[in-house]
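Contents: one structure, followed by commentary.
What follows is calculated from the coordinates using simple rules that are stated; it is not laboratory data. Predicted, not measured: the structure shown is a model, and the values here were computed from it. Here the Cβ is made from the backbone with ideal geometry for all residues, glycine too, and neighbour counts use every protein chain on show.
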Amino acid sequence: MCVRHIFYAAAILQIGIFSVLPAQAGEQFSAQERAWFETFQKGTIYARGWREITSELVAKAPMEIKCDLQKRLERLGTRIGREWSKNNQIRKIDNAMLRQWGDMLEQTAEQAPDKIPQVVENLNLKVLALLD
């Protein structure tokens, strides 16, 4: 049943339902920040978006961790995207960090797919520390 949810979620992501900036208590985002959040999720001609990265990581992960990994990556992507979408002068996550983290995730997926959850958790802790 879990695998069915992953494929359903992947299909929903592909049609763009989850491109909406999730609401957080007490925070207001401008139209520009919402557009940047969507860019982070979808990617550009120059960079892959979080959705594509998530799909690739989940596809390469061992079957028994796919559901949990999908959820973790969605939460992490929302957290990173919300911060990255802010004005450059106030955001705590920049493009260099995104490149570094994306390379780290990609390398782990290629070399040690069973280690993806640990890398995701370490990245989540880094992000939480930056935002604290």
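A few notes on this one:
- The phi-based Karplus calculation (6.51 cos²θ - 1.76 cosθ + 1.60; θ = phi - 60°) puts the 3J(HN,Hα) values of region 66-78 at 4, 5, 4, 4, 4, 5, 4, 5, 5, 5, 5, x, 5 Hz, whole numbers, x for Gly and Pro.
- Under 12 Å, Cβ to Cβ, from Gly49 - net charge with Lys/Arg +1 and Asp/Glu -1: 0
- Per-residue 3J(HN,Hα) values for region 90-101, derived from phi via the Karplus relation 6.51 cos²θ - 1.76 cosθ + 1.60 with θ = phi - 60°, read 10, 6, 9, 10, 10, 4, 4, 5, 4, 4, 4, 5 Hz in sequence order (x marks Gly and Pro).
- Lysines whose Cα lies under 25 Å from that of Lys86, excluding same-chain neighbours fewer than 8 positions away: Lys42, Lys71, Lys126
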